[in-house]
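Participant: One structure coming up, written as C-alpha cells, with questions to follow.
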Amino acid sequence: MMYDKEKELIILLSRIYDIEFYEKPIREILKDRFIHWDVVIKYLCKTKVMGLFWYNITKLKMDNYIPANAKRILEFYYLGNYERNKILMKEFERIEQILVNNDIKVAPLKGIVLLKKIYKDFGLRQLNDIDLLVSYKEKDRIEEVFLENGYKHGSLSYDKEGNLIIEKLDRMQEIIWKTKMNNLPPFYKVTNQKWCNIIDIDCCFAFDYRMNYDHVADIMDNLCYERGTYFLQKEDFFIQMCCHLYKEASNASWVLLGSDLNLMKFCDVREFLNTEIDKQHWAIVCEKAIKDGYNKAIYFALYYCEKIYGEKCRFPYKLDLHIEDESFIHEYGKREYGEKQTWKTEFMERLFEGSMEEIEDKKGKFALINGGE
C-alpha cells in the first residue's frame, strides 16, 4: 500500500512560510475518512515533524477532523516537547553564560537558533540536544568547563537499581572521537527532571568530515552578538545547516543510527531560505560555499527541498553553485566502504520508510558503528 495521501498531508503541514496558501488541499485530505492515522503517526515519528504537524492543524482549526486517539497522541507530544525544549533552552542560556564568564565564545547551531528565529514556539520543533559551534583551539578549555559543571563524556546506561548513568567511553571509542569525528564526544548530564532526564551537548568544530578547522576559526572571529548570545552570520548558519543535512544523508553509518533523512531538516532549510536569505545573502552563500567546498551540500539540500515540496527554488542554484555533475545526490557510503554506493530505493520512500535494509554493516568500515575506518 502506497499511503500517498498520508505522505502528502504531512508534507503540506510541514511548513511555516506560506502555510495559509495550502489550507484548501489540507482540508480536502483531512475530510477523507479513509486516512490511515496509525500510518500518519508512524511517519510523523520517522520524519520528526509531529510538533509542527499538530501546531499547523490547530492553527488552521482542523483538529476536529482527527480521531480522538490520534489527536491525543499529537497533542501530548506537542505539550511534552514544549516542556522539554524549555528545559534545554534554559540550560543553553546557563552554560552559555558560564562559557562567556570563562572568555570562551560559542555559537548555537540548528534547533536552538531555529526555535528562536524561525519557529518561535517551543512545542513545534524537536530538540535532540544542544548543538554548539566551537573553535578547535578552544576544545580543551571547553571540555574543562563542561566537566567542572556536571557534564561527562560517555554512553548512557542503567545501574543495578535502574538509575540512568553515564558510562565512561572505552579506549577505542575515545580514539574514534578524537581522530574521525568533526565534533567532541557528546557531553551528558543526568538531570532526573520529568520532561528531560538527560541533557546532551554536542560541540562541533568543523562543518564536515574534511575537518577544516581554520574555516571555523575564521567564522568564530566574525560572529554576530545579539542580546547576550553569539550567532553565526546568516550565510554561515545556512551553509552549516546544509552541510549537516548532507553529512547525515550521505554516510551509511547515520542510516544505521536512524538519523540519515528526516523531513524536519529539509523544512529547516526551506524556512530559513525563504525568510532569512535574500538575493544579497544568497550571493555571499554561493561565494563562500564554492570557495570552501560546501557547494555540493547546499545543492543536495535545495534539490531535495524542491522534490519534497514540489516547488521551484527562487535562485538558479545549480548554476550559482557551479554544479556540473549532480550524480552525487544519489550516492552514499564512500567514507565507510571506500567507494561510492548508489541508492536503489527512491528518495521519497527513504524519507518516509527508511533505508536501513540497503546498508551492509558487515561490509566496509564503520567509524561510528564498528570501531574505525
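Participant: Just rank Val269, Val106, fewest to most, by other beta-carbon atoms within 10 angstrom.
Facilitator: Fewest to most other Cβ atoms nearby, the residues stand as Val269, Val106.
Participant: Next up: Based on the Cα gyration tensor of region 59-112, what are the three equivalent ellipsoid semi-axes, each the root of five times an eigenvalue, rounded to whole Å and given largest first?
Facilitator: 37, 11, 7
Participant: Another one. What are the ³J(HN,Hα) values, in whole Hz, obtained from phi via the Karplus relation 6.51 cos²θ - 1.76 cosθ + 1.60 with θ = phi - 60°, for each residue of region 60-75 in sequence order, with x given for Gly and Pro?
Facilitator: 8, 6, 10, 5, 5, 7, 8, x, 4, 5, 5, 4, 5, 4, 5, 5
Participant: Say the dipole of region 33-135 comes from +1 at the beta carbon of Lys and Arg and -1 at that of Asp and Glu; which of Gly123, Ile87, Ile73 then lies farthest toward its positive end?
Facilitator: Of the candidates, Ile73 comes out farthest on the positive side.
Participant: Report, largest value first, the span of the C-alpha coordinates of region 24-98 along each principal axis, in whole Å.
Facilitator: Extents along the principal axes: 53, 22, 19 Å.
Participant: Here are a few candidate values for Cα extents along the principal axes in Å: [x] 68, 42, 34; [y] 57, 56, 49; [z] 69, 66, 42. Which one was actually calculated from the structure I just gave you?
Facilitator: [y]
Participant: Among Phe205, Met348, Gly154, whose Cα sits farthest toward the positive end of the charge dipole of the chain (+1 at Cβ of Lys/Arg, -1 at Cβ of Asp/Glu, about the Cα centre)?
Facilitator: With unit charges placed on the Cβ atoms, the residue in question is Met348.
Participant: Quick one: which residues, 5+ away or cross-chain, put their amide H under 5 Å from the amide H of Leu133? H built at 1.01 Å from N.
Facilitator: Ala107, Leu109, Cys204
Participant: First check a/c for region 233-373, with a ≥ b ≥ c the square roots of the eigenvalues of its C-alpha gyration tensor; if it is under 1.5, answer rounded, and if not, answer prolate when a/b is larger than b/c or oblate otherwise.
Facilitator: prolate
Participant: When the Karplus curve 6.51 cos²θ - 1.76 cosθ + 1.60 is applied with θ = phi - 60°, which whole-Hz ³J(HN,Hα) does each residue of region 234-244 get, with x for Gly and Pro?
Facilitator: Coupling constants for region 234-244: 3, 5, 5, 4, 4, 4, 4, 4, 5, 4, 5 Hz.
Participant: Placing unit charges on C-beta atoms (Lys and Arg positive, Asp and Glu negative, everything else neutral), compute the dipole magnitude of the chain about its Cα centre in debye, rounded to 20.
Facilitator: Here the size comes out at about 760 debye.
Participant: Sticking with this one: Which of Leu302, Leu13 has the fewest other C-beta atoms within 10 Å, and how do the rest follow up to the most?
Facilitator: Leu302, Leu13
Participant: Which ³J(HN,Hα) values in Hz, rounded to whole numbers, follow from the phi angles of region 284-299 under the Karplus curve 6.51 cos²θ - 1.76 cosθ + 1.60, where θ = phi - 60° and Gly and Pro get x?
Facilitator: 5, 3, 5, 4, 5, 5, 5, 4, 9, x, 9, 5, 5, 4, 5, 4
Participant: Tell me the mean residue ellipticity at 222 nm calculated for the chain from its helices only (DSSP H runs of n ≥ 4, each -39500 (n - 2.57), averaged over every residue, nearest 500).
Facilitator: Calculated at 222 nm, the ellipticity per residue is -15000 deg cm²/dmol.
Participant: Scattering from the C-alpha atoms of region 241-294 alone, worked out with Debye: what is log10 I(q)/I(0) at q = 0.21, 0.27, 0.28 1/Å?
Facilitator: Result of the Debye calculation: -0.84, -1.03, -1.06.
Participant: Search the structure for amide H atoms under 5 Å from the amide H of Ile165, placed 1.01 Å from N in the peptide plane, and list their residues when 5 or more places away or on another chain.
Facilitator: Placed amide hydrogens put Ser157, Tyr158, Asp159 under 5 Å from Ile165.
Participant: Compare the Cα positions of Tyr136, Ile239, Val190 along the charge dipole of region 111-268 (+1 at Cβ of Lys, Arg; -1 at Cβ of Asp, Glu; about the Cα centre) and return the one farthest towards the positive end.
Facilitator: So the residue we want is Val190.
Participant: Still on this model: Specify, per residue and in Å³, the volume enclosed by the convex hull of the alpha carbon atoms belonging to region 1-66.
Facilitator: Enclosed volume per residue, from the Cα hull, is 79 Å³.
Values quoted throughout were computed directly from the atomic coordinates according to the rules given, and no laboratory measurement underlies them. Being a predicted model, the structure only gives us computed values, none of them experimental. Neighbour counts run over all protein chains shown; Cβ positions are idealised from the backbone, glycine included.
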